[in-house]
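*Asks:* Take a look at the following structure, please.
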Amino acid sequence: MKTIECPLCKSQRTTLYLDLSHHKNGRKYYECSECSLVCADDSSWLNAQEEKERYENHINDPLDNAYRNFLDKLLIPLTPHLSQGAQGLDFGCGPGPTISKMMGERGYNMNNYDPFFHDDKSVLEKKYDFITCTEVLEHMFRPMIELKLLRSLITEKGVLGLMTEFLPVKEKFSSWYYKNDPTHVSFYSHKTFQWIATELNCEVQFEGNSVAILYNFKNEED
């Protein structure tokens, strides 16, 4: 039986989670027994141009109250972790940055970065008190590379706010709408984020069914 390397932890201890290759979805999904990530078979991953075309169709209007309420699922529990004047980065801000506007209204200055729409790598050479990463992790082909990058950009008492829909129970996965977006390739559970927190030497706080806040980062020597 085929196994694949886990995109997150690189373990070979993966098993077939669900085969939807003969359905409309057209994909196979694998589960890692090391970090509990569920991922789409890499043969179904889109190339960069196909990805960008999909993202250009996303409508993320900073004036849309429903979209703002959606983002507040992360921003409201994140804010108590921040001190006055904290400097932030929105990683994966998309074509219409909104979090930086919302946090600016609350007194927090933020830079924006997105590999497709705001590819200014100079913002990745600074340190930040907080970083937001909303609806991005599920798109990542090699999540730990990006997560370690973000960890390196966090100040000593910094906070990393992540937002992605958590895996439902396996019985509901086949009807889960979130997996059907062809740009969604990596899916996370509480166990996965707890594994990530251990790897990044920090603590994790969960909010609702889509928010994980990483904080209290420790240095290797601590």
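*Asks:* Past the 30 Å Cα-Cα mark, which pairs from LYS73/LYS172; LYS127/LYS172; LYS172/LYS218?
*Replies:* Values: LYS73/LYS172 23 Å; LYS127/LYS172 40 Å; LYS172/LYS218 37 Å.
Where the Cα-Cα span goes over 30 Å, the pairs concerned are LYS127/LYS172; LYS172/LYS218.
*Asks:* Another question, then. In nm, what is the difference between 0.36 nm times the number of residues separating HIS190 and PHE206 and their Cα-Cα distance? Present the calculation step by step, with values, prior to reporting the outcome.
*Replies:* Numbers: separation 16, 0.36 × 16 = 5.76 nm, distance 0.80 nm.
That pair, HIS190 and PHE206, stretches by 5.0 nm at full extension.
*Asks:* What residues have an amide H closer than 5 Å to that of LYS28, excluding those fewer than 5 places away on the same chain, when H is modeled at 1.01 Å from N in the peptide plane?
*Replies:* LEU20, ASP41
*Asks:* Which of GLU146, GLU53, GLU207 has the fewest other C-beta atoms within 10 Å, and how do the rest follow up to the most? Working shown, then result.
*Replies:* Values: GLU146 18, GLU53 11, GLU207 15.
Ordered by Cβ neighbours within 10 Å, fewest first: GLU53, GLU207, GLU146.
*Asks:* Something else about it: Taking H placed 1.01 Å from N in the peptide plane, check which residues at least 5 places from TYR128 or on another chain put their amide H under 5 Å from its amide H.
*Replies:* Sorted by chain and number, the residues that satisfy this are ILE154, THR155.
*Asks:* Same structure again: Taking neighbour counts of Cβ atoms within 10 Å as a proxy for exposure, in what order, fewest first, do VAL211, VAL169 appear? Walk me through the intermediate numbers first.
*Replies:* Numbers: VAL211 22, VAL169 8.
Least crowded to most crowded, the residues run VAL169, VAL211.
*Asks:* Still on this structure, please answer the following. Sticking to Cα atoms, compute the Rg of segment 14-215 to one decimal and its Dmax as the biggest Cα-Cα distance, whole number, in Å.
*Replies:* Using the Cα atoms of segment 14-215, the pair Rg, Dmax is 16.8, 53 Å.
*Asks:* Separate question: So for the chain: antiparallel DSSP bridges make up what percent, rounded to the nearest 5? Mind dumping the intermediate values first?
*Replies:* On the way: 20 of 35 bridges.
Taking every DSSP beta bridge with both residues in the chain, the antiparallel ones total about 55 percent.
*Asks:* Let me ask something else about it. Along segment 19-25, what does the Karplus equation 6.51 cos²θ - 1.76 cosθ + 1.60 (θ = phi - 60°) give for ³J(HN,Hα), rounded to whole Hz, x for Gly and Pro?
*Replies:* 9, 10, 5, 9, 9, 4, 4
*Asks:* For segment 25-118, what's the relative contact order in percent, using C-alpha pairs closer than 8 Å and at least 6 residues apart?
*Replies:* Result for segment 25-118 is 22 percent.
*Asks:* Okay, moving on. Going by the alpha-carbon gyration tensor, a ≥ b ≥ c the square roots of its eigenvalues, is segment 1-47 rounded (a/c under 1.5) or, if a/c is not under 1.5, prolate (a/b greater than b/c) versus oblate? Before the final figure, lay out the partial values.
*Replies:* On the way: a/c = 2.24, a/b = 1.60, b/c = 1.40.
Prolate is the answer for segment 1-47, as a/c is 1.5 or above and a/b outweighs b/c.
*Asks:* Spelling out what I want: for every residue of segment 42-50, take phi, set θ = phi - 60°, compute 6.51 cos²θ - 1.76 cosθ + 1.60 (Karplus), and round to whole Hz; glycine and proline get x.
*Replies:* Coupling constants for segment 42-50: 5, 5, 9, 5, 7, 7, 4, 5, 5 Hz.
*Asks:* In the chain, which Cys residues have no partner Cys with a Cβ closer than 4.7 Å?
*Replies:* CYS39, CYS93, CYS133, CYS202
*Asks:* While we're on this one: From the backbone phi of segment 159-164, what are the Karplus-calculated ³J(HN,Hα) couplings (6.51 cos²θ - 1.76 cosθ + 1.60, θ = phi - 60°) in whole Hz, Gly and Pro given as x?
*Replies:* 10, 10, x, 10, 9, 7
*Asks:* Now for a different question. At 0.36 nm per residue, and after removing the present C-alpha to C-alpha distance, how many nm does the segment from LYS157 to PHE116 gain when stretched out fully? If you can, show how the numbers build up before the last one.
*Replies:* Numbers: separation 41, 0.36 × 41 = 14.76 nm, distance 2.94 nm.
Taking LYS157 through PHE116 to full extension adds about 11.8 nm, to one decimal.
*Asks:* Enter the angle in degrees (range 0 to 90, nearest 10) between the Cα long axis of helix 190-199 and the first principal axis of the Cα atoms of the chain, meaning the one along which they spread out most.
*Replies:* The answer is roughly 60 degrees.
*Asks:* Now for a separate question. Taking 1 over the mean of 1/r across every pair of different Cα atoms in segment 1-84, what Kirkwood radius in Å do you get?
*Replies:* Working: mean 1/r = 0.0618 Å⁻¹.
One over the average 1/r among Cα pairs gives 16.2 Å for segment 1-84.
*Asks:* If you don't mind, there's one more thing I want to ask. Please compute the alpha carbon radius of gyration of segment 45-116, then divide it by the globular-protein estimate 2.2 N^0.38 Å. Two decimals is fine. Numbers along the way, then the final one.
*Replies:* Details: Rg = 13.6 Å, N = 72, 2.2 N^0.38 = 11.2 Å.
With N residues counted in segment 45-116, Rg over 2.2 N^0.38 Å equals 1.22.
*Asks:* Suppose every K and R has +1 on its Cβ and every D and E has -1 on its Cβ; what is the size of the dipole of segment 14-215 about the Cα centre, in Debye to the nearest 20? Display every interim value, and only then the final one.
*Replies:* Numbers: 20 positive and 29 negative charges, 58 e Å.
Dipole about the Cα centre, nearest 20: 280 debye.
*Asks:* What lysines does LYS52 reach when the alpha-carbon gap must be under 20 Å and sequence neighbours fewer than 8 apart in one chain are set aside?
*Replies:* Correct list for LYS52: LYS121, LYS179.
Every read-out reported here was derived from the displayed coordinates using simple, explicitly stated rules and does not represent laboratory data. Note that the structure is a prediction, hence the values are computed from the model and not measured. Cβ: placed from backbone, ideal geometry, glycine included. Neighbour counts: every protein chain shown.
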